[in-house]
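Reading through the structure tokens given below for one structure.
The values are calculated or read from the model by the stated rules, or taken from the named source; none is laboratory data. Everything quoted here is computed from the prediction, not taken from an experiment. Just the protein is used for accessible areas: all its heavy atoms, side chains included, with ligands, DNA and RNA removed. Shrake-Rupley method; radii C 1.70, N 1.55, O 1.52, S 1.80 Å.
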Amino acid sequence: MGIRFSKSVKIGKYLRLNISKSGVGVSVGNKFYRVGISPKGIIRKTLTLPKTNLSYVKQRKIKRK
């Protein structure tokens, strides 16, 4: 079993700074649609339906040269 650490700091109305053991990531959006970039270079788009517990997540890795 591993140890996890994460902290999210809200900066403004739509911007969040996500701090974890692996580094710092950024996410932008509201509670229904959010786009985030992780410290490992993964872009995650999340779409949540209001008043339900349903969400759709699509993620892909950033290609670096």
Inset, instruction - For the range 50-60, state whether one or more residues are on the phi < 0 side of the Ramachandran plot and small (Gly, Ala, Ser). - result: yes
Legend entry - Some residue of the range 32-39 being charged (D, E, K, R) and over 10 Å from the mean Cα position of the chain (by Cα): no
Inset, instruction - Among the strands (runs of 3 or more DSSP E) lying completely within the range 1-57, list those that include at least 3 residues that are small (Gly, Ala, Ser) and either open to solvent by less than 80 Å² (accessible area, probe 1.4 Å) or at pLDDT 95 or above (or both). - result: 23-29
